[in-house]
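Heads up: the structure comes next, in structure tokens.
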Ligand SMILES: [Mg+2]
């Protein structure tokens, strides 16, 4: 049963399977059938598992010492995180997809949303197959693709696609989708966190279907506007915009193609500083700190001139959510990978090793760490910055390092609709 009209956007969510573990295997064919796991940056916990490792019962996020006997018994290949490698492979996967579709919205290191309209939407299943084949062929990374009439449905579909041949489609109003939503615990719905699950449970809302069918007023009261948007998305009504996409739990990405080609290092530095400000704000909103960052710059694969594509990792001395620290790190990364004489088409950053701020704040380790006073002042500065930008609109207050809104690297946004719901200046005036 197909009901996609050609004027509606269909969303594809492409997700790389077991991404970090798959990256580790790329250059190690001897590991093809061996269980593989990747540990967090201090080798503390398991952050990625191959299918074989999952089958052994090794849990996501489990401390390494707890599973050590299991690792030995089954000769599991254990890797420390290599974020520069993952960042680079991620960029290749995204670039490969860009060779088939006009827009790729990278969501996390191993996931991207792709809006499909017109003929692309009409032939979505075929296109999804082609995308999977090309990504596997060009990068050796296996993907799962979810198709849905909203981003939330596409995200759910991609989770299910892992067990059903790689591509799955969820369209609101079909019996298949109803059955699937009835089986899905509400906590597995995109954007529904642990605290929301608890609130919903008390109201008897246990499955995705329960949430979809709940009373709008109640949902809004319980979970605020973002929760209501999620419920509407489960009904097939698109309302999650790019700026309110919930952060991924493991990694955070900000990257974008430039409006025009960029050759000047200072312009690249500005673009990277803008990305740093963007993810810094998201980190603070989600009460997270990041432990490592990668910087990525590249030319266009199809433009004239020589091709250049480089990713580097910068360690952060202490987990941080400060835009200042992030800008400093992007500058350091840029200095190490910038080569003059290229026409750059894209720059971006990724954050890794995200941890909850509460896990660290107020700890003795933090209080006695070098520069504790400076850190406190910095946190206060960020609080003021965020408050001002919430009140007066994104970018109202920003670092000089970010450059101006008319810089050549700024994406052309002439077709962008106003931020109706998130920026004061864009609110509709009713007279
Ligand atoms: Mg994945």
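Look through the range 91-119, keep the residues that are closer than 15 Å to residue 13 by Cβ and part of a helix (DSSP H, G or I), and return whichever of them is nearest to the ligand (Cβ to nearest atom).
The residue in question is 93.
Could you tell me whether the range 206-226 includes any residue that is assigned to a loop (DSSP other than H, G, I, E, B), out of contact with any helix residue (DSSP H, G or I) (no Cβ under 7 Å at 6 or more places or on another chain), in contact (Cβ under 8 Å) with a residue 60 or more places away in the chain and farther than 28 Å from residue 354 by Cβ?
So far as the range 206-226 goes, no, none of its residues is assigned to a loop (DSSP other than H, G, I, E, B), out of contact with any helix residue (DSSP H, G or I) (no Cβ under 7 Å at 6 or more places or on another chain), in contact (Cβ under 8 Å) with a residue 60 or more places away in the chain and farther than 28 Å from residue 354 by Cβ.
So in the range 105-140, with the set limited to residues that are under 25 Å from residue 23 (Cβ atoms) and free of Cβ contacts under 8 Å to residues at least 24 places away in the same chain, which one is surrounded by the most Cβ atoms within 10 Å (Cβ to Cβ)?
Checking each candidate, the answer is 136.
Kindly provide the set of residues from the range 7-35 that are over 22 Å from residue 354 (Cβ atoms), touching a strand residue (DSSP E or B) at 6+ places or on another chain (Cβ under 7 Å) and within 16 Å of the ligand (Cβ to nearest atom), ordered by number.
Result: 12, 25.
Provide a single number: the residues in the range 160-175 that are part of a loop (DSSP other than H, G, I, E, B) and surrounded by 11 or more Cβ atoms within 10 Å (Cβ to Cβ).
6
Within the range 310-321, identify whether any single residue is in a loop (DSSP other than H, G, I, E, B), outside the structural domain of residue 86 (by TED's automatic domain parsing) and loosely packed, with under 15 Cβ neighbours inside 10 Å, and answer yes or no.
No - not one qualifying residue is present in the range 310-321.
What number of residues in the range 55-84 are in a helix (DSSP H, G or I) and either at pLDDT 95 or above or over 24 Å from the mean Cα position of the chain (by Cα) (or both)?
The total comes to 11.
Hey, does the range 362-371 have a residue that's part of a loop (DSSP other than H, G, I, E, B) and modelled with pLDDT under 60?
yes
For residue 251, all conditions in the list (1) modelled with pLDDT of 90 or more; (2) surrounded by 23 or more Cβ atoms within 10 Å (Cβ to Cβ) hold save one; what is the number of the exception?
Unmet for residue 251, out of (1) modelled with pLDDT of 90 or more; (2) surrounded by 23 or more Cβ atoms within 10 Å (Cβ to Cβ): (1).
Within the range 132-144, work out how many residues are within 15 Å of the ligand (Cβ to nearest atom) and outside any loop (DSSP other than H, G, I, E, B).
6
The values are calculated or read from the model by the stated rules, or taken from the named source; none is laboratory data. This one's a predicted model, so the numbers in the text were calculated from it and none came from an experiment. Note that each Cβ is placed from the backbone with ideal geometry, even for glycine, and that neighbours are counted across all protein chains shown.
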